[in-house]
Every structure is written in structure tokens, then in C-alpha cells.
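Engineer: Below are the C-alpha cells for one structure; questions will follow.
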Amino acid sequence: VKAGEGARAINRDTIHVPALVRMLRDRRTWVSKVARRFGRLIRRRIAVPAFHPGAAHEVLPWNPHVFAVLRTARNGERVLALTNVSSREQEIIVPREIAGDTAAWEDLISRRRVPVTATGIEVRLGPYEVLWLTPMAVLLP
């Protein structure tokens, strides 16, 4: 850190706009890849009513290393947003009363399916992994 710039100056860099624009246009650069990935996540999030700012939400204290929020839209659509905030794999069990009567939940980001068992949903999250789980339409018999 240069003298007089403060502690946060270490994370600051001068942005050269023409170079940034070139990197964004070149699909092979990490800048372009990150920007496109964020764009897809934002579009997906906007399309889900449970992520509306007015949707009901409940923070669930299941694991101190996993930030879990159950969001419910006015139309009843639910999303369980899980974020592993640690550098280690974490496991949580979503209770059956929240999991409901569907056969599985699906991650809106990766399309990974997580089956519902007799005890609920057993979820393993990798370090810093994020899942946006929503119940699939198939109901259990």
C-alpha cells in the first residue's frame, strides 16, 4: 500500500476503459467469461418470482457454515438459496416438512437434482458453492 492511500487501496486498480471493453468483447478472456456468467445468473434470478424483493423469506439456522434462506413468492413458488461460506465441504439436511411431497428439488444454477428422502433433502455443498433449489413438479405417490 502506498503511503497516504489507506488500507483499502491495495484492492484498487485504475481501469483503462478501452482495454476493459476489448476484454469484454473477447469471449476467451476471463473478464468476458465472468461477465457472461454473472449475466446468466442475474437473468435467471430475475425470472424467478421467489427472488422478488417483496417475496417472503426466512433465514434457516441449520449449519453455521451454510447461509440458508427459504424464499416464497406470492404465487407459492419456493426457492431454497444455500451458500457455503466456508473453504470446506458442508452438509445440511433440509427437514421433510420443508422438502414437501415432491420427489426431488432442482438447482436453478446447475440443474443438479437432489432427491427427497424419508428424512428430507441431504445436500452436500462444496467450498463456497451456491445452490438455488426449487421443488420439482413431480409429486410422490
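Engineer: Name the residue, out of Pro127, Pro135, Pro95, that is over 22 Å from Pro64 (Cα atoms) and touching a residue at least 12 places away in the same chain (Cβ under 8 Å).
Structural biologist: Checking each option against the conditions leaves just Pro135.
Engineer: Which one of Thr117, Thr102, Thr83 is among the polar types (S, T, N, Q), within 30 Å of Pro135 (Cα to Cα), modelled with pLDDT of 90 or more and over 14 Å from the mean Cα position of the chain (by Cα)?
Structural biologist: Numbers: Thr102 fails: modelled with pLDDT of 90 or more; Thr83 fails: over 14 Å from the mean Cα position of the chain (by Cα).
Only one candidate passes the filter, namely Thr117.
Engineer: Tell me whether region 72-88 contains one or more residues that are touching a His at 6+ places or on another chain (Cβ under 7 Å) and either small (Gly, Ala, Ser) or without any contact (Cβ under 8 Å) to a residue 40 or more places away in the chain (or both). Give the derivation first.
Structural biologist: Of all residues in region 72-88, those touching a His at 6+ places or on another chain (Cβ under 7 Å) come to 73, 84-86.
Pick out the ones that are also either small (Gly, Ala, Ser) or without any contact (Cβ under 8 Å) to a residue 40 or more places away in the chain (or both) and you get 73, 86.
There is at least one residue in region 72-88 that is touching a His at 6+ places or on another chain (Cβ under 7 Å) and either small (Gly, Ala, Ser) or without any contact (Cβ under 8 Å) to a residue 40 or more places away in the chain (or both).
Engineer: Continuing with the same structure: Does any residue in region 12-41 that is free of Cβ contacts under 8 Å to residues at least 40 places away in the same chain come within less than 9 Å, Cβ to Cβ, of a residue that is open to solvent by less than 70 Å² (accessible area, probe 1.4 Å) and β-branched (Val, Ile, Thr) six or more places away or on a different chain, and which pairs are these?
Structural biologist: Listed by first residue and then by second, the contacts come to Leu20/Val31; Arg22/Thr29; Met23/Thr29; Met23/Val31; Leu24/Val31; Arg40/Ile109.
Engineer: Mind listing whichever residues of region 14-69 are touching a helix residue (DSSP H, G or I) at 6+ places or on another chain (Cβ under 9 Å), surrounded by 10 or more Cβ atoms within 10 Å (Cβ to Cβ) and of a type in the set (Phe, Trp, Tyr)?
Structural biologist: Listed by number, the list holds a single entry, Phe51.
Engineer: Restricting attention to region 98-117, report how many residues are in contact (Cβ under 8 Å) with a residue 24 or more places away in the chain and on the phi > 0 side of the Ramachandran plot.
Structural biologist: The number of residues fulfilling the criteria is 1.
Engineer: Please specify each residue of region 75-107 satisfying the condition of being open to solvent by 20 Å² or more (accessible area, probe 1.4 Å), within 17 Å of Leu60 (Cβ to Cβ) and among the polar types (S, T, N, Q).
Structural biologist: Listed by number, the residues that qualify are Thr83, Gln90.
Engineer: Run Ser110 past the list (1) modelled with pLDDT under 95; (2) crowded, with 17+ Cβ neighbours inside 10 Å; (3) under 20 Å from the mean Cα position of the chain (by Cα); (4) not charged (D, E, K, R) and report the number of the one that doesn't hold.
Structural biologist: If we test Ser110 against (1) modelled with pLDDT under 95; (2) crowded, with 17+ Cβ neighbours inside 10 Å; (3) under 20 Å from the mean Cα position of the chain (by Cα); (4) not charged (D, E, K, R), just (2) comes out false.
Engineer: Give, as residue ranges, the strands (runs of 3 or more DSSP E) completely inside region 20-85 that count at least 1 residues that are of a type outside the set (A, V, I, L, M) and within 17 Å of Ser110 (Cβ to Cβ).
Structural biologist: Details: elements: 56-63, 66-72, 78-84.
Here the list reads 78-84.
The values are calculated or read from the model by the stated rules, or taken from the named source; none is laboratory data. Remember, it's a predicted structure, so these values are computed and weren't measured experimentally. Quick reminder, even Gly has a Cβ in these numbers, built from the backbone with ideal geometry, and neighbours come from all protein chains shown. Remember, those area values only see protein heavy atoms, side chains included, never the ligands or the DNA or RNA. Shrake-Rupley method; radii C 1.70, N 1.55, O 1.52, S 1.80 Å.
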